[in-house]
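Trainee: Input: one structure, supplied below.
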Amino acid sequence: VRIGLLCGSFGSESSNLAALNVAAAYAATNGLQPVMIDGLVNLPAFIVDELGTAPASVRHFRDALVNVDALIIAVPEYAAGMAGSTKNALDWLVGEATLYRKPIAVISAGTTGGERAIEQLTFTLSWAGAWVFSTLGIESPRTKMTNGSFADEPTIQTIEHLVDRLVSAASGDEAFRHSMLKEVVEPFGIDVARFGNLTG
Ligand SMILES: Cc1cc2nc3c(=O)[nH]c(=O)nc-3n(C[C@H](O)[C@H](O)[C@H](O)COP(=O)(O)O)c2cc1C
């Protein structure tokens, strides 16, 4: 099982990247294949006329997402919303089935715990037909880090739990998926029925 890891921060000591590193290490020790998805930083501003003839950077980004079985996306909250470069990247996927029925876990590490970033990501990803099975906000991440890595055991465990939840939902039967998805999306007012059947 290939687990893609996508980071929406390009900071040199990114706490979102540190969270993904915890997830990647845990995934690897549990027989999964972590795949870091880069290239987001190189995407140009979205231009609707270029949707069908997207530049190579966009095509590579889409292909990288298509090639993973599940995805963990960690994005900071900037100015009360998801980081703009992440939204721009997701705009490039409009009209493509790239994220359709993709099992996804969302993380936002940042001062407040990224509640608004998580909400926006859940809406945008759900709109694309992705299955957001798990979310995690990490508040004041720098207080939980040492030398650029998470050192706080409870935080590490919540990230590991997020990976477990994503993998069990992705590999679970339809009824289990339904209950996991419902638990995440319905608090945001998203009707789980909009996803149709959750098989395959
Ligand atoms: C321009 C800017 C705007 C920010 N806005 C918010 C915000 O609205 N809410 C919040 O919780 N944190 C906000 N932060 C703090 C970031 O979430 C925090 O720096 C986070 O650690 C960045 O992610 P990173 O560590 O992965 O680089 C902001 C930071 C910057 C630089």
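Trainee: Give the calculated FRET efficiency between residue 41 and residue 94 to the nearest 0.05, with a Förster radius of 22 Å applied to their Cβ-Cβ distance.
Mentor: On the way: r = 20 Å, r/R0 = 0.90.
For R0 = 22 Å, the calculated efficiency reads 0.65.
Trainee: State, to one decimal in nm², a quarter of the convex hull surface area for the C-alpha atoms of the chain, i.e. the direction-averaged projected area. All intermediate terms of the calculation are to be shown ahead of the outcome.
Mentor: Values: hull surface 43.0 nm².
Projected over every direction and averaged, the Cα hull of the chain covers 10.8 nm².
Trainee: Looking at the chain only, what percent of DSSP beta bridges run antiparallel? Nearest 5 please.
Mentor: Values: 4 of 26 bridges.
The answer is about 15 percent antiparallel.
Trainee: Let me check the size of the stretch 127-195 from its C-alpha atoms; what are the radius of gyration and Dmax in Å?
Mentor: Here Rg and the maximum Cα pair distance are 14.7, 44 Å.
Trainee: Under 22 Å Cα-Cα from residue 102, which lysines qualify once same-chain neighbours fewer than 8 residues away are excluded?
Mentor: 87, 182
Trainee: Which of the peptides 69-78, 125-134, 184-193, 85-94 is most tightly packed, and how do the rest follow, going by the mean number of other Cβ atoms within 10 Å of each residue? Don't skip to the end; give the middle numbers.
Mentor: Values: 69-78: 24.2, 125-134: 21.6, 184-193: 14.4, 85-94: 19.4.
The most tightly packed comes first, giving 69-78, 125-134, 85-94, 184-193.
Trainee: Please name whichever of 109, 130, 163 sits farthest to the positive end of the charge dipole of the chain, dipole taken about the Cα centre and charges placed at Cβ: Lys and Arg +1, Asp and Glu -1.
Mentor: Of the listed residues, the answer is 130.
Trainee: Still on this structure, I have one more. Taking the chain as a Gaussian network, Cα atoms linked when under 10 Å apart, which of 31, 148, 113 shows the biggest mean-square fluctuation?
Mentor: 31
Each value in this text was obtained by applying a stated rule to the coordinates, not by laboratory testing. Only a predicted model underlies this, so the values are computations on that prediction, with no experimental measurement involved. Methodologically, a virtual Cβ is constructed for each residue, glycine included, from the backbone with ideal geometry; neighbour enumeration extends over all protein chains shown.
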